Amino acid sequence: MQKKIIFFRDLGIEHWLTTVDKMNNFTISRDIYTFDEIWFVEHHPIFTEGQLNNKKNIICAHDIPIEKTDRGGQITYHGPGQQILYFLINIKRRKISIRQLIDIMEQTVIETLNSFCLKAYTKKNSPGVYINEKKICSLGLRIKKGSTLHGLALNVNMNLKPFDYIYPCGDINIKMTQIKDFNVNIELKDIKIILIKKLSKLLKVTMINGD
């Protein structure tokens, strides 16, 4: 039963530290009977540094908090209008590799954007999803107790300016974009509905609202 169902929760907008504490507590306390969950959330403005981040990737923080995290990758920015999905998935039980899960995450975003006539794609050796040579979705994961933490961040309708204060993902050449730049009528709620539909198909599960 645990393999056939994933609960999704809409946390609204939360401080990053609040969500990360809940995510870690969930992972530490879970057992073989715990259902997998995917959390939808937005964060108040914050920079988060992955385990590979170099301090040179920060140009000027402009009073935006910077927090160290245990996920992979380097530095990124989170803010309102960005749809974040945290994947709390027991990949050992589901018998999928981290590479397979990343592929599913990227494909979910690509198919979601395609649903709104936005042609998105991935790049070899550069995790994430892109449109017109600009990055629209970033990924970062961590494995603990055979389960994943963290996930993806899809730019929908946000202030992109703070990305200019850093080298996103540690790459001086990366430019960020968002759905609003292509279609101002698409809202977070519209994206969320399609993301859930695509995740159900690609993970071969029934997604149930756990709120």
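With a bin width of 10 angstrom, please list the P(r) values of region 5-204 as percents of all Cα-Cα pairs, from the 0 bin to the one holding the largest distance.
Cα pair-distance distribution for region 5-204, in percent: 9, 38, 39, 14, 1.
Would you mind ranking S138, S147, S200, S29 so that the residue whose beta carbon has the fewest other beta carbons within 10 Å leads the list?
Lowest count first: S29, S200, S147, S138.
Measuring from label point to label point, each 7 Å out along Cα→Cβ, what is the Y121 to I208 span in nm?
4.1 nm
Simple spin-label model, 7 Å along Cα-to-Cβ: N132 to I59 in nm?
Modelled inter-label distance: 2.0 nm.
For Cα pairs less than 8 Å apart in space and 6+ apart in sequence, what is the mean separation divided by the residue count of region 5-204, i.e. the relative contact order in percent?
Result for region 5-204 is 22 percent.
Just the number, please: percent antiparallel of the DSSP beta bridges in the chain, rounded to the nearest 5.
Here the antiparallel bridges make up roughly 65 percent for the chain.
Gain in length, N159 to R9, computed as 0.36 nm per residue apart minus the alpha-carbon separation, to one decimal in nm?
51.6 nm
Below 8 Å, C-alpha to C-alpha, sequence gap of six or more: please give me the relative contact order for region 1-72 in percent.
With pairs under 8 Å counted, the relative contact order is 36 percent.
Which value at 222 nm does the chain reach when only helices count, each DSSP H run of 4 or more adding -39,500 (n - 2.57), with the total divided by all residues and rounded to the nearest 500 deg cm²/dmol?
After summing the helix terms and dividing by residue count, I get -8000 deg cm²/dmol.
Excluding R30 itself, calculate the net charge of residues whose Cβ lies under 11 Å from the Cβ of R30, where each Lys or Arg counts +1 and each Asp or Glu counts -1.
Result for the local shell: 0.
Order by neighbour count: D36, D21, fewest other Cβ atoms within 10 Å first, most last.
Going from sparsest to densest Cβ surroundings: D21, D36.
Could you compute the net charge surrounding D211? Neighbours are other residues with a C-beta less than 12 Å from the C-beta of D211; K and R count +1, D and E count -1.
Net charge in that neighbourhood comes out at -1.
Whole angstrom only: what separates the Cα centroid of region 29-49 from the Cα centroid of region 76-115?
12 Å
Report relative contact order for region 104-211 in percent, whole number only (criteria: Cα-Cα under 8 Å, sequence separation at least 6).
24 percent
For labels at Q100 and T18 in the simple 7 Å Cα→Cβ model, what's the distance in nm?
Computed distance between label sites Q100 and T18 equals 3.6 nm.
Where does the charge balance sit around N57 when Lys and Arg score +1, Asp and Glu -1, over other residues with C-beta under 11 Å from its C-beta?
Around N57, the surrounding residues sum to 0.
Quick check on the exposure proxy: order Y130, Y77 from fewest to most C-beta atoms within 10 angstrom.
So the ranking, lowest neighbour count to highest, is Y130, Y77.
Would you list the membrane-span-like helices of the chain, meaning whole DSSP H runs whose alpha-carbon atoms span at least 24 Å along their axis and whose mean Kyte-Doolittle value is at least -1.0?
98-115
What FRET efficiency would be calculated for the residue pair K197, R93, taking the C-beta separation as r and a Förster radius of 30 Å, to the nearest 0.05?
The value I calculate is 0.80.
A short reminder: the numbers here are calculations on the coordinates, not readings from a lab. Everything quoted here is computed from the prediction, not taken from an experiment. Note: ideal-geometry Cβ built from the backbone for every residue, glycine included; neighbour counts use all protein chains shown.
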